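Here the structure is laid out as structure tokens; the discussion comes afterwards.
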Amino acid sequence: DAMVIQNPRYQVTQFGKPVTLSCSQTLNHNVMYWYQQKSSQAPKLLFHYYDKDFNNEADTPDNFQSRRPNTSFCFLDIRSPGLGDAAMYLCATSSPQFLNEKLFFGSGTQLSVL
Amino acid sequence: QQQVKQSPQSLIVQKGGISIINCAYENTAFDYFPWYQQFPGKGPALLIAIRPDVSEKKEGRFTISFNKSAKQFSLHIMDSQPGDSATYFCAAGNTDKLIFGTGTRLQVFP
């Protein structure tokens, strides 16, 4: 089945220690998104890629970076995680004719910061 | 102009009953209104969506009602089942942006 896969499912890091979350997709979608979802809150868009074009949301902290080496993979790097960065991180994809529509989400990575 | 307000925060419904979740948006430039369903430990999954050129869309037991003048839309789940127990997010947006509501936790009891 075509899908969006996120690894790891759970990630524990220490305050200030860089961490990388990964996302892969078999849908061959051009657009990939990273969302942050804190407990009992709405998913919040951090940034998205349209092919190799990176689009950062204005209020995304500089602490969050992303890489997309190819169509299938996308990484979220948190350079110096703070306690406030503990959240579920969701990767999603869509095809370009459905930008911001028909999003396919992965199961997420739950990040804990100690 | 970028908020999507969703209510109620939680909802308890008996099996067979009707679940109703409401959302309101502010930005009149939005032209796409989806509902996502999220089970614990999973990512959201698109359930149903509507565009403002129609006032209602039905897919099986799920119906979206849309009121363009009031800038409101709602999800109705008919004959609610325990398997519908999940968190439901409305969203509003266009090709520039998609804003999610804060979610409604639905519990359906047998």
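The residues in segment A:1-55 that are of a type in the set (V, I, T) and within 23 Å of B:P34 (Cα to Cα) can be counted, and the count is 3. Across segment B:13-29, the qualifying residues are those that are open to solvent by less than 50 Å² (accessible area, probe 1.4 Å) and touching a Lys or Arg at 6+ places or on another chain (Cβ under 8 Å), and the one among them that is nearest to the other protein chains (Cβ to nearest Cβ) is B:C23.
Where in segment A:12-114 are the strands (runs of 3 or more DSSP E), entirely inside, with at least 1 residues that are within 13 Å of chain B (Cβ to nearest Cβ)? In segment A:12-114, the matching strands (runs of 3 or more DSSP E) lie at A:19-25, A:31-37, A:44-50, A:53-56, A:87-94, A:109-113. Tell me yes or no: at least one residue of segment A:9-23 is at pLDDT below 95 and open to solvent by 60 Å² or more (accessible area, probe 1.4 Å). Yes; the residues of segment A:9-23 include at least one that is at pLDDT below 95 and open to solvent by 60 Å² or more (accessible area, probe 1.4 Å). Given the options B:V108, B:V54, name the one that is out of contact with any Leu (no Cβ under 7 Å at 6 or more places or on another chain), of a type in the set (A, V, I, L, M, F, W, C) and part of a loop (DSSP other than H, G, I, E, B). Checking each option against the conditions leaves just B:V54. Among the residues of segment B:51-110, those that are of a type in the set (A, V, I, L, M, F, W, C), under 14 Å from the mean Cα position of the chain (by Cα), open to solvent by less than 70 Å² (accessible area, probe 1.4 Å) and away from chain A (no Cβ under 11 Å) comprise B:F62, B:I64, B:F66, B:F73, B:L75, B:I77, B:A86, B:L106.
Only one entry in A:N30, A:N7 is more than 22 Å from B:V4 (Cα to Cα) and touching an Asp or Glu at 6+ places or on another chain (Cβ under 6 Å), namely A:N30.
Taken as a whole, the condition of being within 11 Å of chain A (Cβ to nearest Cβ), of a type in the set (K, R) and not in a loop (DSSP other than H, G, I, E, B) applies to B:K5.
The values are calculated or read from the model by the stated rules, or taken from the named source; none is laboratory data. Given the structure is predicted, the values throughout are model-derived calculations rather than measurements. Ideal geometry is used to build each Cβ from the backbone, glycine not excepted, and the neighbour counts take in all protein chains shown. To get the accessible areas, we keep the full protein, side chains included, count just its heavy atoms, and leave off ligands, DNA and RNA. Shrake-Rupley method; radii C 1.70, N 1.55, O 1.52, S 1.80 Å.
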